[in-house]
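Throughout, read-outs are computed from the coordinates displayed, never taken from laboratory work. No experiment lies behind these values; they were computed from the predicted model shown. So basically every Cβ, Gly included, is an ideal-geometry build from the backbone, and we count neighbours across all protein chains shown.
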Amino acid sequence: MRIEYDRDTCIGMFQCVTEWDAFEKDEDAGKAVLADSEEREPDVFVREVPEGAELDAKFAARTCPVDAIAVYDDDGDQLVP
């Protein structure tokens, strides 16, 4: 399972931070940060979801008010928009 985070879309509500500790606050930028991720394209960050953190990752994506976070299964199907 992987998670993709579009930092440009993020509006800094930080609801993802309360749901999964892989997200951190960057108060100076007013955006969340996805720890241990790699930038795949400008402002789009991707990382694998560790075993045991799948539910937290899904909750982080579901709570994002602007859908800046998406979760995909190992086949590339989107689980959470």
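Summary of computed values
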| item | result |
| --- | --- |
| Residue ranges of strands (runs of 3 or more DSSP E) in the chain with at least 3 members of a type outside the set (Phe, Trp, Tyr) and at positive phi | none |
| Some residue of the range 49-62 being buried (at least 17 other Cβ atoms within 10 Å of the Cβ), in contact (Cβ under 8 Å) with a residue 40 or more places away in the chain and touching a Lys or Arg at 6+ places or on another chain (Cβ under 8 Å) | yes |
| Answer residue from the range 63-75, given it is within 9 Å of Met1 (Cα to Cα) and in contact with a strand residue (DSSP E or B) (Cβ under 9 Å, 6 or more places away or on another chain) and is surrounded by the fewest Cβ atoms within 10 Å (Cβ to Cβ) among those | Asp74 |
| Breaking point among (1) within 19 Å of Pro81 (Cβ to Cβ); (2) of a type in the set (A, V, I, L, M); (3) under 12 Å from the mean Cα position of the chain (by Cα), for Val33 | (1) |
